[in-house]
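Values in this text are rule-based calculations from the coordinates and carry no lab data. Worth saying up front: this structure is predicted, and the values here are computed from it rather than measured. All Cβ positions, glycine included, derive from the backbone under ideal geometry; neighbour counts span all protein chains shown.
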Amino acid sequence: MTPWYQKTAWETRRAVVAGDITAAAVVESYLGRIREADGKVDAYTQVWQDSALAQAAEVDAAVQRGDDPGPLAGAPVSLKEVLCTQQGHTTCGSRILNGFRSPYDATAVQRLANAGAIFLGKVNMDEFAMGSSTENSSIKRTRNPWNLDCVPGGSSGGSAASVAADECAFSIGSDTGGSIRQPAALCGCVGVKPTYGRVSRYGLVAFASSLDQIGPLTKDVRDAAVVLNALCGQDPHDATSAPLPVPDFTKALTGDVRGLRLGLPREFFTEDLGPEMRQRVELAVDVLRAQGAEVVEVSLPHTGYGVAVYYIIATAEASANLARFDGVRYGYRYKDARNIREMYVRTKSEGFGQEVQRRILLGTYVLSSGYYDAYYLKAQKVRALIKRDFDQAFEHCDAIVGPTSPTPAFAFGAKSDPLEMYLSDIYTISANLAALPGVSVPCGVTEAGLPAGLQILGRPFEEETVLRIAHCYEQHRGFDMGKPALKSHARQ
Amino acid sequence: MSKITLQDVEYVAGLAQLELDQAAKERLVHEMDEILAYMDKLNALDTSWVEPMMHALDLTNVFRGDEVGDSLPREAALANAPLHDGEYFLVPKILETEEP
């Protein structure tokens, strides 16, 4: 029989509500899996065993009473370290927040609790979500379950690895330039970045406020829809959350893509895309075509400018957001300062890691007097052009389909040059710049045994369309992704 | 031609309240130079006619009622402070006193 830890959130919820299994037994199954697997994967930074069992007991009591225990009842979830929780610590993978205890829960966390989800603990990430490999964490190195010598992607690398290794039913991450979709692709799970404004950012420690979104990493597309139902909706604590009704996303999973037009952007299929990734994505498009979708070529002429625009806007916003970590109200403080300036400088210099400092410096530079127009204003203008590209493409198609990442997971240390690392986000960044919803769904495994991801982007607030396409593909792709072996290739 | 000098890195680090050792400064001259040179590709585009995109959503002036709500209790707000006296955050001296 399939162990409980391998099941999806919706299967688990159904079994718990039907009385086939208790939530307590589900949690025990996952805790056992974490003990077995996390020594190899190192996804978790904190495991909340006692409170998880207490939450499970509450779910079981509700089921016993005949009450509705919620749409995610008994489904164990891991949370990225960037989400504020009253329980445990919220470190953002940074020394500067080592030991920080949030006085409140993020709205997303509160909504999951209301839905009956069970918090297993928190998972690793690149410091302040800055990175594409989780190598920038100050806490530990998280490994890709498909090959322990490779990175899990990032910045939500702990989330993706914990889902792929069945150490949780699903995980919550954040996506500023691809930080949900890229690790999901590299670890062979489903990842969704909702439209900007769909999910409240209250309690999400800010990296780049005009780009950040919270979203799920799951074992299948149905789980992504169920979790989005719980997460989405306007929140008075976040003025940028959209005042729009939230549909039941599971209703979009019809298995039918007939009549939908899929746009293949020619700029996504250039020599930057590795041959194996191209082949997997083209096969996936063939599956959708065979299911009745119409495939058209579209153009996003400013694709090649996305990384430059992103690393101006994101670093500018980050340099402002991270200024708050000054050692006064929370976090690390350099203790022996003789004056306030020395306290600020030594606190930040000792508290922030190398990549975070690099981005603060870049952001400060592009906002500084004399360079603001040349970099920041210019980037905002090209951001408008990128948005316009998508508006025009969506006149000819209902969704844009392509690769999530130019390559599969890479080895630790393989991208030591910062610019080279930045370029690994080339296909995901534009959805953040244009505020679009996007999903990555697994579309095969390379010769070397590493997953590939198919990315589907939709019009703003049309999550239903991208989920419908992703679900149809998942139902008809004709192969099983299998489970990762949790081995390093050198030892195979 | 190098866009970034050692002086530029020192100037920006001062604005950002970061202290860098000599090796870090030299590394950053090289790295920032490479990254900013890459960003210069944007100059190939004529954007004189483009309105900058300031916001991700078409939301303007999100108002709420001017009503008193709950706020964080003082103990909770101070709980993470590296140094406090139960009422205020404490920091090193800000104003230098003049020598007598």
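Divide by every residue of chain A the summed helix terms, -39500 (n - 2.57) for each DSSP H run of at least 4, and state the resulting mean residue ellipticity at 222 nm, rounded to the nearest 500 deg cm²/dmol.
-11000 deg cm²/dmol
Please state the charge dipole magnitude for chain A, taken about the Cα centre, from unit charges on C-beta atoms (+1 on K and R, -1 on D and E), reported in debye and rounded to the nearest 20.
For this selection, approximately 980 debye.
Where both partners of a DSSP beta bridge lie in the protein assembly as shown, what percent of those bridges are antiparallel, to the nearest 5?
DSSP beta bridges in the protein assembly as shown are roughly 65 percent antiparallel.
Quick one: length gained pulling B:Thr60 to B:His30 fully straight, 0.36 nm per residue minus the C-alpha distance?
Additional length available on full extension: 6.7 nm.
For the pair A:His476 and A:Leu377, how long in nm is the line joining their label points, each one 7 Å along Cα→Cβ?
Roughly 5.1 nm, to one decimal.
Farthest toward the dipole's positive end in region A:1-150, which of A:Ala57, A:Ile118, A:Thr91, given Cβ charges of +1 (Lys, Arg) and -1 (Asp, Glu) about the Cα centre?
A:Thr91
Among A:Ser368, A:Ala293, A:Thr347, whose Cα projects farthest towards the positive end of the dipole of region A:277-384, with charges put on the beta-carbon of Lys, Arg (+1) and Asp, Glu (-1)?
Of the candidates, A:Thr347 comes out farthest on the positive side.
Say the cut-off is 28 Å between C-alpha atoms; which of A:Lys348/B:Lys41; A:Lys40/A:Lys415; A:Lys7/A:Lys122; A:Lys140/A:Lys219; A:Lys122/A:Lys219; A:Lys140/B:Lys41 go over it?
Over 28 Å Cα-Cα: A:Lys348/B:Lys41; A:Lys140/B:Lys41.
Straight-line reach from B:Lys25: which aspartates and glutamates have Cα under 15 Å away, leaving out those fewer than 8 places along the same chain?
List returned: A:Glu355, B:Asp8, B:Glu10, B:Asp33, B:Glu34.
Within region A:285-317, whose backbone N sits under 13 Å from a point 7 Å along Cα→Cβ of A:His396?
Correct set: A:295-302.
Given H placed 1.01 Å from N in the peptide plane, which residues other than close sequence neighbours of A:Asp235 have an amide H under 5 Å from its amide H?
Counting only residues 5 or more places away or on other chains, the set is A:Ser241.
Express in nm, to one decimal, how much length is gained between A:Val295 and A:Leu283 on full extension, taking 0.36 nm for each residue of separation and deducting their alpha carbon distance.
Extending this stretch completely gives an extra 3.0 nm.
Does a label point 7 Å from the Cα of A:Arg324, set along Cα-to-beta-carbon, have any residues of region B:60-100 with amide nitrogen under 20 Å, and which are they?
The answer is B:62-64, B:69-84, B:88-91, whose backbone nitrogens lie closer than 20 Å to the label point.
Taking a ≥ b ≥ c as the square roots of the eigenvalues of the Cα gyration tensor of region A:1-125, is the shape rounded (a/c under 1.5), prolate (a/b larger than b/c) or oblate?
Oblate shape, in that a/c is at least 1.5 and b/c is the bigger or equal ratio.
I'd like the antiparallel share, as a percent to the nearest 5, of DSSP beta bridges with both residues in region A:66-208.
Taking every DSSP beta bridge with both residues in region A:66-208, the antiparallel ones total about 20 percent.
Whose amide H sits under 5 Å from the amide H of A:Lys80, counting only residues 5 or more places off or on another chain, with H placed in the peptide plane?
The list, which skips near neighbours in sequence, is A:Val123, A:Ile172.
Stokes-Einstein diffusion coefficient for region A:357-492 at 4 °C in a medium of 1.567 mPa s, Rh from the Kirkwood formula over Cα pairs: what value in µm²/s?
73
How far, in nm, would the chain grow between A:Asp417 and A:Thr270 when pulled straight, counting 0.36 nm per residue and subtracting the alpha carbon separation?
Residue separation times 0.36 nm, minus the Cα-Cα distance, leaves 50.7 nm.
Relative contact order of chain B: what whole-number percent is it, with Cα pairs under 8 angstrom and at least 6 residues apart?
With pairs under 8 Å counted, the relative contact order is 17 percent.
Taking every pair of Cα atoms in the protein assembly as shown, average 1/r, invert it to obtain the Kirkwood radius, and report Rg/Rh to two decimals.
A ratio of 0.96.
How fast does region A:141-276 diffuse by Stokes-Einstein, in µm²/s, taking the Kirkwood radius from C-alpha pairs at 25 °C and 0.890 mPa s?
Value of D from the Cα-based Kirkwood radius: 151 µm²/s.
Where the only charges are on Cβ atoms (+1 Lys, Arg; -1 Asp, Glu), what is the dipole of region A:192-335 about its Cα centre, to the nearest 20 debye?
Roughly 520 debye for region A:192-335.
For the protein assembly as shown, with the dipole built from +1 on Lys and Arg beta-carbon atoms and -1 on Asp and Glu ones, taken about the Cα centre, which of A:Pro103, A:Leu273, A:Pro484 lies farthest toward the positive end?
A:Pro484
Taking the Cβ-Cβ separation of A:Glu447 and A:Glu350 as r and a Förster radius of 35 Å, what is the calculated FRET efficiency to the nearest 0.05?
0.20
Among A:Thr364, A:Thr250, what is the fewest-to-most ranking by other Cβ atoms within 10 Å?
Ranking A:Thr364, A:Thr250 by Cβ neighbours within 10 Å, fewest first, gives A:Thr250, A:Thr364.
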